[in-house]
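Worksheet: one structure, shown below.
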Amino acid sequence: MTRGILLTVFLAAAPTAALAFSNGPVPERTGAPVDGGINCSACHRGNAINDGIGRLTILVRDYRPGVKQRVRVVLEHPEAQRWGFQITARLAGNPAQQAGTFAVTDSNQVRCADGTAAPCNGQREFAEHFARSTYPGQRGRAVWDLEWTPPSPASGEVIFYAAGNAANNNAINTGDFIYTTSTTIAAQNCNLTTAPRISSIRHGASFLDGPYAMNTMITLGGTGFQRPGQSFTAEGQDLVDNRFPAEASCVAVEVAGRRAALTYLDAGQINAQIPTIGDLGPVPVRVIANPGLPNELRSDAVNITLVENAPAFFRLLPTPCIAGVFQDGAVTGDPSLLPFTKGAKAGDILSLYATGLGVTEPVYQAGEIPGGPVEVKMPIQLEWNGVVMDSRDILYVGLAPGNITGLYQINIRVPAVARANIHNQLRIRQGSRLSPENTTLYIAP
Ligand code: HEC
């Protein structure tokens, strides 16, 4: 089965208040046994620790020696309204010893074991919230994205210990819920033994054999992309410097000699994004196992043709329904084909998803994640049941904020000419290209 590319997704102050703990707790409160096993419950008393209602999770992949990566800390609780955490990384072989180094980011500060601020010069490090990253008033969950540079050379397994406080936002240390967790990672050992072989390259939305524009999502078929049964899906912890990875699970894809951003890999399929290449015409694509290592294995090159734009809507496979959402987040579609979807009505405002719409202004690179609206450079027309739609009903054509730059978003108002109770054909015309037929919006009775 072909896996979709779309990614899925916020005073009784005693004299002690002068210490301002919500500015970040004292060191050694992660619950790490080697530090004495103390956690936030040393002061935040009253409720049972790890009560099973909330949850603290550390999301982190195996490390490459010396190569910066993201560590994502997620704290969840149905009632909490303020959030805090502390985490430390240790060598499994000697847990008293710091492993790698944490950087200070928008999410976190770093305290050393002696209480001073980083750099810690080899002391044990404690990455933790600032006052501003306790997110007062935020409900449901908190996510902190940390930057961690692993040890180099490889130093065996690394254990992360963390404690979290799902707090009630009463500005004191009562009524809060404390969680602890730990997780172990290893140094990545790239030893794929089968040379990768590409058997097909397809447009990520139309699944046609091209053409493609810069930044288009593509899907490669073949063998030897991973070990049988293994897969990789890019998640929040895989984004470094807010970019999708150019190498994952010991595999890279090169297009015209440049690394492609990766979103999904398994033994027979890779979902990737064509790099931001200005040149048009044929370019070679290769899959590389164990990239950059002495045991590197390269596939034969397969040529694809780059053009200025190659628009196509993503569909909710196996239906012809265009992937899209209503303003309230409900998914567009035909509920008789897919029960979780809903038919649209004239006047509804929808966001529809596509790929292949080419360069944007300003230019965004493949793998990047735009924070806000970014429009495409070459304008589009939409054909509704074969008739060009009034451009006033096309509200936005650009990148999908918060997603990989290969995902384009077209916001429309469903026109009055929409025909009820049937699938209406919708196609994108951009320059000389018309998106493939049989992509539809189902209009409710
Ligand atoms: C030495 C005692 C002490 C320890 C240990 C401690 N705290 Fe606190 N914490 C306090 C006090 C006192 C307050 C209230 C004053 C303030 O906000 O600074 C507080 C407040 C907080 C708040 C705001 C609570 C609210 O409801 O508004 C958060 C979040 C927090 N701490 C997180 C943590 C985390 C996470 C840990 C463990 C990693 C921790 N604290 C460990 C004493 C402590």
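Rule-based calculations on the coordinates, nothing more; no lab input. Small disclaimer: the values here were computed from a predicted structure and weren't measured. Cβ coordinates were reconstructed from backbone atoms using ideal geometry, including for glycine residues, and neighbour counts include every protein chain displayed.
Some notes on this structure:
- Database remark: amide H of Arg64 closer than 5 angstrom to the amide H of Gln188 (H placed geometrically; neighbours at sequence offset of 5 or more, or on other chains; Pro and chain starts carry no H).
- Equivalent-ellipsoid semi-axes for the range 312-445 (Cα gyration tensor, √(5λ), whole Å, largest first): 24, 16, 13.
- Per-residue HN-Hα couplings for the range 164-176 [Karplus 6.51, -1.76, 1.60; θ = phi - 60°; Hz; x = Gly/Pro]: x, 10, 8, 9, 9, 6, 9, 6, 10, 8, 10, x, 9
- Note on the chain: along the principal axes its Cα atoms extend 72, 56, 38 Å, ordered by decreasing extent.
- Of the residues Val376, Ala418, Leu316, the one whose Cα sits farthest towards the positive end of the charge dipole of the range 295-445 is Ala418 (charges of +1 on Lys and Arg Cβ, -1 on Asp and Glu Cβ, taken about the Cα centre).
- Estimated dipole of the chain in Debye, rounded to 20 [Cβ of Lys and Arg +1, of Asp and Glu -1, Cα centre]: 340
- Across the range 234-244, rounded Karplus estimates of 3J(HN,Hα) from the backbone phi angles (6.51 cos²θ - 1.76 cosθ + 1.60, θ = phi - 60°) give 5, 10, x, 6, 8, 7, 10, 6, 6, 10, 6 Hz, Gly and Pro being marked x.
- Nitroxide proxy distance, nm - points 7 Å out along Cα→Cβ at Lys345 and Ile277: 4.8
- Zero-based 5 Å bins, Cα pair distances in the range 255-317, whole percents: 4, 13, 21, 26, 18, 11, 5, 2, 0
- Simple spin-label estimate for Glu79 and Tyr396 in nanometres, 7 Å along Cα-Cβ: 3.7
- 19 Å reach of a label modelled at Ala113, 7 Å along Cα-to-Cβ, counting backbone N of the range 74-95: 86-95
- With R₀ fixed at 35 Å, the C-beta to C-beta distance from Thr194 to Ala103 puts the FRET efficiency at about 0.40.
- Eigen-decomposition of the gyration tensor built on the alpha-carbon atoms of the range 367-445 gives equivalent ellipsoid semi-axes of 24, 14, 12 angstrom, largest listed first.
- Shown for Phe314, Phe85: other C-beta atoms within 10 Å of each C-beta, ranked fewest to most, produce the order Phe314, Phe85.
- Coupling constants for the range 437-443 follow from the phi torsions by the Karplus curve (6.51 cos²θ - 1.76 cosθ + 1.60, θ = phi - 60°), and in residue order they are 7, 6, 10, 10, 10, 7, 9 Hz; glycine and proline get x.
- Extension gain, Arg227 back to Leu208 (0.36 nm per residue minus Cα-Cα distance, nm): 4.2 nm
- Net lengthening on full extension, Ala301/Gln138 (0.36 nm per residue, minus Cα-Cα): 53.7 nm
- Remark on the chain: Cys40, Cys43, Cys321 stand apart, with no other cysteine beta carbon under 4.7 Å.
- Centroid-to-centroid, using Cα positions, the range 303-340 and the range 87-107 are 43 Å apart.
- The orientation-averaged projected area of the convex hull spanned by the Cα atoms of the range 137-238 comes to 11.9 nm².
- Separation of alpha-carbon centers, the range 213-283 and the range 30-53, rounded to whole Å: 41
- For the range 15-185, convex hull volume per residue from C-alpha positions, Å³: 103
- Across the range 197-306 the C-alpha pair distances fall into 5 Å bins from zero in the proportions 2, 13, 25, 27, 20, 10, 3, 0 percent.
- The range 135-195 and the range 357-388: distance between their alpha carbon centers, rounded to Å: 36
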